[in-house]
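Structure, as structure tokens:
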Amino acid sequence: MHEISLVEGLFQQLRDLAAENNTTRITTVTMEIGPLCGVVLDSFQFGFDILSADDEMLRGSKLIVKIPEVQYRCSDCGHVETVAGPKPDGCPKCGDLLLIPSGGEDLMLLQVEME
């Protein structure tokens, strides 16, 4: 489960931010996790919950995950479909099955609230 490694890397980044800002507690972490970045959201949340319980600075902190929309362009007719959920089965205009994704590949730290 590579999500644990990602959470460990996030925690190091959060510790660095806390040190730069002379704070001892992080209350909320907001992340953008694209549906095409290869991260299983439930596993990431699980890793965050488990690891934050053992970290004094992050204990009790809240993880907010924002999922961006992805645009899919039809390779046949060029129609662009924007979705926030799973990839469409095919183009709603012509039915072609080859849809080219754009966006949704990022894993970004958006905001941190500290005390």
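The values are calculated or read from the model by the stated rules, or taken from the named source; none is laboratory data. Since this is a predicted model, take the numbers as computed values, not measurements. No Cβ is skipped: glycine too gets one built from the backbone with ideal geometry, and neighbour counts run over all protein chains shown.
For (1) surrounded by 12 or more Cβ atoms within 10 Å (Cβ to Cβ); (2) assigned by TED's automatic domain parsing to the domain that holds ASN21; (3) acidic (Asp, Glu), each residue gets a yes or a no:
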site	(1), (2), (3)
ASP76	yes, no, yes
ALA84	no, no, no
PRO88	yes, no, no
CYS91	yes, no, no
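I need a count of the residues in the stretch 25-67 that are within 10 Å of the chain's Cα centre (by Cα), part of a strand (DSSP E or B) and surrounded by 14 or more Cβ atoms within 10 Å (Cβ to Cβ).
Residues that pass the stated criteria total 5.
With the requirement that a residue be part of a loop (DSSP other than H, G, I, E, B), farther than 30 Å from GLN13 by Cα and either in contact (Cβ under 8 Å) with a residue 40 or more places away in the chain or touching a Ser or Thr at 6+ places or on another chain (Cβ under 8 Å) (or both), what does the stretch 88-115 give you?
Result: ASP96, LEU98.
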